[in-house]
Amino acid sequence: MKKILILGASGAIGKYLVDYFYEKKQEFNISLITGDIKECNFVEQRSDFFHLDVSKNGSFEQLPKDIYAVIDLATTMPARMVGYDPKQYIDINIGGTYNVLEFCKSNNIDRLLFAQTFGDILQHSEKDPLLKVDMIPIQDYSDNKSVYITTMNTSVELIKCYHAIFKMKTFLFRLPTIYNWDTNIYCENGEATTMAWRILVEQATKGEDIHVWGDPNRKKDMVYVKDLCQMFYKACFINRDWGFYNVGTGVGISLLDQIKGIIEVFKEENQSRILFSPEMRNAPQYIMCIDEAKEELGYEPLYNYIDMLKDMKKERDLNRF
Ligand SMILES: NC(=O)c1ccc[n+]([C@@H]2O[C@H](COP(=O)([O-])OP(=O)(O)OC[C@H]3O[C@@H](n4cnc5c(N)ncnc54)[C@H](O)[C@@H]3O)[C@@H](O)[C@H]2O)c1
């Protein structure tokens, strides 16, 4: 039986990943160990849970040593930070990654999977929305996400060092916004707010007018958390030493089609009218090139945009996350 450790298991992605592995645990003979600084009943009911802080190396002593794979989601990001405390990025993202790497090295763990942000290359998308795995990172240093992105880039560089020096099997995933239905806090510029797409869902449910901001033709790759789980799962068992994968569907959905889809899936009694506000700011545009994930992992996204919305609606009604 292979033990898989998910760090950051109580988070938005973590809970879905725990659910995914839990459902497959008999079929694939795996046992699930989880860790987080935050308790979560959903996770504790489905795994052997350890309360831990990745930024403290002593936290790792309590964990079983015979772990096969570590999936590290225990980083912190601007979307979860009220106020602005860049030290948390240094301590948790860089310090935590170092502790995870040392834990993996000391216990001869077979492989490490890590979730990097696509913030490292997003700036390329204004020239060409297609984001490729091997693009050179560029950033807007004046953006308040730049310290976060820098710490994630540093973590990735550290992981590459451990892979090269200690021959640790390593799989890096570059994540754009991952769509999922949950109740986590969401922040912009250090203040709690509601995600734009959740506002659209609310408007569509109530049949209120919906304004399309900026250019309605800008496209975004809308990837569902359950497809990300599929990628992590495949990387746990693939016979390779190394992989660097963009996460996505490889397909762009225009802002107008995003809104039409939300109305189609979430409307109740009244149908929202679509109005255009070209004077408002543009949404980001990007399409993730997923060629490497298809070729090396055998990944095929299972959820197109409408299927994703329907499944999110189902999860909303089940209220599991
Ligand atoms: N969700 C996305 O759209 C997205 C996009 C790009 C990158 N990412 C990266 O993936 C990570 C996971 O995403 P998420 O949406 O699940 O984030 P999340 O914030 O919902 O989950 C992170 C989990 O890590 C835990 N954690 C934080 N600090 C910890 C510590 N010191 N010790 C142990 N656990 C700690 C948190 O309690 C939380 O449960 C993010 O932090 C981010 O860096 C996510």
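Here, each number is a calculation from the coordinates, and none is a lab measurement. Since the model is a prediction, treat every value here as computed from it, not as a measurement. We place every Cβ from the backbone using ideal geometry, glycine too, and count neighbours over all the protein chains shown.
Computed quantities for the displayed model
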{"quantity": "Viscosity 0.692 mPa s, temperature 37 °C, Stokes-Einstein D of the chain from Kirkwood C-alpha radius, µm²/s", "calculated": "161 µm²/s"}
{"quantity": "Cβ-Cβ FRET estimate between Ile165 and Arg320, R0 fixed at 41 Å, reported to 0.05", "calculated": "0.50"}
{"quantity": "Size of charge dipole - the chain - debye, nearest 20, with Cβ of Lys, Arg +1 and Asp, Glu -1, no other charges", "calculated": "500 debye"}
{"quantity": "Dipole of the range 192-283, positive direction: furthest Cα of Leu200, Val247, Ser272, with charges on the beta-carbon", "calculated": "Val247"}
{"quantity": "At R0 = 35 Å, FRET efficiency that the Cβ-Cβ distance of Glu126 and His51 yields, to 0.05", "calculated": "0.25"}
{"quantity": "Hits among aspartates and glutamates - C-alpha to C-alpha of Lys219 under 12 Å, sequence gap 8 or more where chains match", "calculated": "Glu126, Asp128, Asp257"}
{"quantity": "Separation of alpha-carbon centers, the range 215-290 and the range 101-140, rounded to whole Å", "calculated": "19 Å"}
{"quantity": "Convex hull of the range 192-245 built on C-alpha atoms - directionally averaged projected area, nm²", "calculated": "6.6 nm²"}
{"quantity": "Anchor Lys267: lysines whose Cα lies under 21 Å away (excluding residues fewer than 8 positions away in-chain)", "calculated": "Lys206, Lys310, Lys313, Lys314"}
{"quantity": "Percent RCO, i.e. relative contact order, over the range 210-294, from Cα pairs under 8 Å lying at least 6 residues apart", "calculated": "56 percent"}
{"quantity": "In the range 33-148, lysine pairs with alpha-carbon atoms under 15 angstrom apart (chain gap of 8 or more, or interchain)", "calculated": "4"}
{"quantity": "Stretchable slack from Leu275 to Tyr22, in nm (0.36 nm times residue separation minus alpha-carbon distance)", "calculated": "86.7 nm"}
{"quantity": "Rounded to 5, percent antiparallel among DSSP beta bridges of the chain", "calculated": "10 percent"}
{"quantity": "Residue among Gly96, Thr151, His163 farthest towards the positive dipole end of the chain, charges placed on Cβ", "calculated": "His163"}
{"quantity": "Normalised contact order of the chain, rounded percent, pairs of Cα under 8 Å and 6 or more residues apart", "calculated": "18 percent"}
{"quantity": "Difference of contour (0.36 nm per residue) and Cα-Cα distance, Glu61 to Ser106", "calculated": "15.1 nm"}
{"quantity": "Stokes-Einstein diffusion coefficient of the range 179-321, Kirkwood radius over Cα pairs, 37 °C, 0.692 mPa s, in µm²/s", "calculated": "197 µm²/s"}
{"quantity": "Sum of -39500 (n - 2.57) over DSSP H runs of 4+, divided by residues of the chain (222 nm, nearest 500)", "calculated": "-9500 deg cm²/dmol"}
